Structure formats: structure tokens, C-alpha cells
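After the C-alpha cells below, expect a handful of questions from me.
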Amino acid sequence: MITHRFLSVSRRPLILVLTGGGPLDVSFSKEDPRIASILWVGYPGEGGGKALTQVVLEIIIQVSIELIMAFHLTIQRCIPWL
């Protein structure tokens, strides 16, 4: 299965994107720590790729901002004169 190939070479957790409206067996992903999340998009259509990219990048940007803010607040607590 191609998913297993990607998982075996990836250094970071992946987002498993499912397309299609029929039943899909993703039982292998339930306990696999290399799969960070599962995103089902159904039949995305012509603009689906762009929309998917925007959603995933927005999530990454939001998480990055939250991590930076948490780091900054931690530094402020440790070094109050900054």
C-alpha cells in the first residue's frame, strides 16, 4: 500500500487525506503514531486541491503561532526583565 511507503520514509507525522464517497478501510491508521490526523474531503472537485492546501496551511500556521506565543510567555515568566 502506498500509504505505508510514505509512512516508512517520513520523519514527521503525516495528515492522511481521504477522497471519495465510498467506504474506505483506514483501520491501519487508528493506532499508528505516524499519522497525526485524518482529513476526509469527499469529492473535492476542481478547486478541492487549492482548498485543501489552504486548510492544512492555516492549521499549520495557527499551531506555529500558538507555539511561538507559548514559548514567548514561558521566557517572560523565567526572565521577567525581558
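The values are calculated or read from the model by the stated rules, or taken from the named source; none is laboratory data. All values reported here derive from a predicted model rather than from experimental measurement. Every residue, glycine as well, gets a Cβ built from its backbone with ideal geometry; the counts of neighbours run over all protein chains shown.
For region 45-54, does any single residue satisfy the condition of being at pLDDT below 80 and over 23 Å from residue 3 (Cβ atoms)?
Taking region 45-54 as the starting set, the residues that turn out to be at pLDDT below 80 are none.
No, that holds for no residue.
If you don't mind, there's one more thing I want to ask. Among (1) out of contact with any strand residue (DSSP E or B) (no Cβ under 9 Å at 6 or more places or on another chain); (2) modelled with pLDDT of 85 or more, there is one condition residue 19 misses while meeting the rest; what is its number?
(1)
Just checking, does region 43-58 include any residue being surrounded by 13 or more Cβ atoms within 10 Å (Cβ to Cβ) and outside any helix (DSSP H, G or I)?
The answer is yes; a qualifying residue exists.
Select, from 18, 7, the only residue that is in a strand (DSSP E or B) and in contact with a Leu (Cβ under 7 Å, 6 or more places away or on another chain).
Working: 7 fails: in a strand (DSSP E or B).
Among 18, 7, only 18 is in a strand (DSSP E or B) and in contact with a Leu (Cβ under 7 Å, 6 or more places away or on another chain).
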